[in-house]
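The values are calculated or read from the model by the stated rules, or taken from the named source; none is laboratory data. In this text the structure is predicted, and so the values were computed from the model without any measurement. All Cβ positions, glycine included, derive from the backbone under ideal geometry; neighbour counts span all protein chains shown.
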Amino acid sequence: MNTTTIDLHAPYRQRIKDALGNPHLKTALARATGRMAVQRTSAMRAVDGEQLRSQVRQMKEYVIRHLPDLLEELEANVTANGGQVHWAQTATDVHGIVLNIARQANVKKVLKAKSMATEEVHLNHALEDAGMTVVETDLGEYIIQLNQEPPSHIVAPVIHRRLEDIAEILQEKLDMPPTLDPQEMTALARGKLRQEFLTADMGVSGCNFAIAETGTVCIVTNEGNGRLTSAMPRVYVAVMGLEKIAPTVEDAFLQYQALCRSATGQQTTIYLNMTSRPRQPNDVDGPDEFHLVILDNGRTDMLAEGYGEALMCIRCGACLNVCPVYREIGGHAYGSTYSGPIGAVISPLLHMDVTNAEKLPHASTLCGACRDACPVKIDLPRLLVDLRADQVDDGKAAWFDRTAMQGFVQTMQSRARYEAAGKIASLGSNVMASFTGGNLKFMPPPLAGWTQSRDFPPFARRSFRELWQARQSLRKEITGERASAES
């Protein structure tokens, strides 16, 4: 098994090279993303998918426009329900808030439900550095935690591993007998995790959306771990990005429909866990303390810089599943918690430690498949182009890109230079092609990267203008001959 992982802090080009050099990665990605993309399409066709997308976008646009008021409403209702709200400007603030809660409650063991926000701020490391045991309870997250890997997909964290790889991880880490039966593998993990649920002091989760009018935190899962994480430990902490708000209950269930269909191709997930308050005297379960941590970490800056549309993302992962770049390199090559098209947009904007984050807006073909799949109709290609334009405006474009564009502009400003460039390209490419009997097998740097994996057809020997002039001359000649014959 190829268990090597990509170093997220390695240079961008090295991460890409490592991903493309993994013989099993593409197989695993093709199996999973292809299946998820087909399921999403079927689920959206089962309803009026376009109307659902339009309604969810309208709701999310309202959230972005009224975000301060909705956040205040959410805080007021959570507090009125008996919960506690904490505001975190940075990742360090999240660490301090959660550690303070844990220390006051004498927490030794922390259970985690799947959460992109806590991955974004690396909360697990902060808790472990403070001497606490942290256990991921989502099956995919649990597997990659055993193998000391970060998640590689927003919805399916272990998507980069084949079934055979997962079986070997469980055999090595949990002494599982050799098997490729998913039911046996799941049963083993369930048995191990059940003991953790019974002995944990604090549960931590993310938040798929929080309902402002009721002060309710909602997490969407297909496993019972969400409910167990939020209800069994003495303390429950939910960490949410400040944009994860639904104004009303009706809005929440509208988003829930779009999320389920777009993320996993289901009409509804098995579980929708809703927490509004700590345990009351007559409740049969629930935490003694309920805390909501609302995270900024660059989100308000995104609004100020004109990238608020990206905050409408509901983290379904649909754009990853259809992206030709993601399907080749997987999530780890992006070097960020957030990968795929949406990750290429928000990773350079959020306050995250991502090596070569400025390269990510270029990790896209701009084919538009992500925009077509997005349940909120986020125009991701436009946002990627805007980020590239910002880099140019800030003088951060690569030297070759600047020089090439300047040369192109100079060439296009003169007909003589344009025609001369065409003749040089035609002559040079056809001379080189004559040695290989057709298409070019090698191009000189900096174009050599193209011919490393494909041929390059030589330029036409005659330009379109020359062909057109020849055709016009021939037409005049024929017309003149006809006129002479008639006379």
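Checking each residue in the range 455-487 for being in a loop (DSSP other than H, G, I, E, B) and surrounded by 10 or more Cβ atoms within 10 Å (Cβ to Cβ) picks out Asp455, Pro457, Pro458, Phe459, Ala460, Arg461, Arg462, Ser463. The condition of being over 30 Å from the mean Cα position of the chain (by Cα) and either among the β-branched types (Val, Ile, Thr) or at negative phi (or both) does not hold for Lys396. Here the helices (runs of 4 or more DSSP H) wholly within the range 89-133 that include at least 2 residues being out of contact with any Ser or Thr (no Cβ under 6 Å at 6 or more places or on another chain) and over 16 Å from Gly203 (Cα atoms) are 91-104. Number of residues in the range 361-392 that are out of contact with any Leu (no Cβ under 6 Å at 6 or more places or on another chain) and among the hydroxyl-bearing types (Ser, Thr, Tyr): the value is 1. Criterion applied to Leu387, Leu350, Leu380 was being touching a Cys at 6+ places or on another chain (Cβ under 8 Å) and closer than 30 Å to Met36 by Cβ, and the one residue passing it is Leu380. Tell me, please, whether a residue that is in a helix (DSSP H, G or I), polar (S, T, N, Q), surrounded by 14 or more Cβ atoms within 10 Å (Cβ to Cβ) and without any contact (Cβ under 8 Å) to a residue 60 or more places away in the chain can be found in the range 362-372. No, the conditions are met nowhere in the range 362-372.
From the list Glu164, Glu184, Glu213, the one residue that fits, being more than 23 Å from Gly317 (Cα to Cα), surrounded by fewer than 18 Cβ atoms within 10 Å (Cβ to Cβ), modelled with pLDDT of 95 or more and in the same structural domain as Arg279 (by TED's automatic domain parsing), is Glu213.
Tell me, please, whether a residue that is over 17 Å from Arg315 (Cα atoms), modelled with pLDDT of 95 or more, touching a strand residue (DSSP E or B) at 6+ places or on another chain (Cβ under 7 Å) and assigned by TED's automatic domain parsing to the domain that holds Pro157 can be found in the range 45-52. No: the range 45-52 contains no residue that is over 17 Å from Arg315 (Cα atoms), modelled with pLDDT of 95 or more, touching a strand residue (DSSP E or B) at 6+ places or on another chain (Cβ under 7 Å) and assigned by TED's automatic domain parsing to the domain that holds Pro157. Of all residues in the range 424-443, those satisfying the criterion of being in a helix (DSSP H, G or I), surrounded by 13 or more Cβ atoms within 10 Å (Cβ to Cβ) and of a type outside the set (A, V, I, L, M) are Ser426, Gly428, Ser429, Asn430. Scanning the range 112-121 turns up at least one residue that is polar (S, T, N, Q), crowded, with 19+ Cβ neighbours inside 10 Å and within 19 Å of Phe290 (Cβ to Cβ).
Among the residues of the range 231-258, those identified as buried (at least 21 other Cβ atoms within 10 Å of the Cβ) and touching a Pro at 6+ places or on another chain (Cβ under 7 Å) are Pro233, Val235, Tyr236, Ala258. Against the conditions (1) aliphatic (A, V, I, L, M); (2) at positive phi; (3) crowded, with 21+ Cβ neighbours inside 10 Å, Leu311 satisfies every one except (2).
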